[in-house]
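Structure, as structure tokens:
Quick note: the coordinates plus some simple rules give every number you see, no bench work behind them. This is a predicted model, so every value here is computed, not measured. Cβ coordinates were reconstructed from backbone atoms using ideal geometry, including for glycine residues, and neighbour counts include every protein chain displayed.
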Amino acid sequence: MKPRVRGQRRRAHIAGRGDLDITAFLNLMVVLLPFLLTTAVFSRLAVIGVDVPTPAPETTVAPPPPPDPNRYSLALRLEDDAVVVRSGREPEVSVPRTPDGTYDTARLGEVLAAVKAAHPAHDAADVYARPDTPYKELVAVMDAVSYRPEGGPLFADVRLGEITR
């Protein structure tokens, strides 16, 4: 019998090792993967910046100054049958609901894009709604006010108000 040389002994030791058994790991992955996929939350979080007026303090010293008649303002009123857009001293524009009963945000976006083209420096819009206005409709109108139909910003400063009747 021949004596082994140092390198041969190492090769014999390495060759004797078995393959790595990952069966248990694969079984764990087969169980965990469907569990993680079914318990994951599939939702997209979106944030809408809104300026809500705060109540005035009790110790108000002087009343606020009267509004400047030359100051431009844009106001949208959510009525039962339409969105009424009032742009400065221009006549009101009424955007009726679609036949399926939702506000026509595409047409509203076109009207607001024309207003923005006429007043590019103006960046605020007031949206007035009744307390019983559905949240989904309110957000749809706010999105139409904030973004152009073809994409891009429109009126970044959206303020909410309440219609009381």
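Here are some notes:
- Karplus (6.51, -1.76, 1.60) ³J(HN,Hα), θ = phi - 60°, over the stretch 142-153, in Hz, Gly and Pro reported as x: 4, 5, 5, 6, 7, 10, 5, x, 8, x, x, x
- 5 angstrom amide H check on Glu79, placed H, neighbours 5+ away: Val84
- For the stretch 124-140, 3J(HN,Hα) computed residue by residue from phi via the Karplus equation (6.51, -1.76, 1.60; θ = phi - 60°) reads 10, 9, 9, 10, 10, 9, 7, x, 8, 5, x, 4, 4, 5, 4, 5, 4 Hz, glycine and proline entered as x.
- Theoretical FRET efficiency, 1/(1+(r/R0)^6), r = Cβ-Cβ of Tyr135 and Thr54, R0 22 Å, to 0.05: 0.55
- Placed amide H near Leu160: partners under 5 Å, 5+ positions off or other chain: Asp51, Val127
- Dipole moment magnitude, nearest 20 debye, the stretch 92-165 about Cα centre, only Lys, Arg, Asp, Glu C-beta charged: 60
- Shown is the FRET efficiency for Ala40 and Asp143, computed with R0 = 22 Å from the Cβ-Cβ distance and rounded to the nearest 0.05: 0.25.
- Inter-probe distance in nm under a simple model that places probes 7 Å from Cα toward Cβ, at Ala121 and Thr98: 3.7
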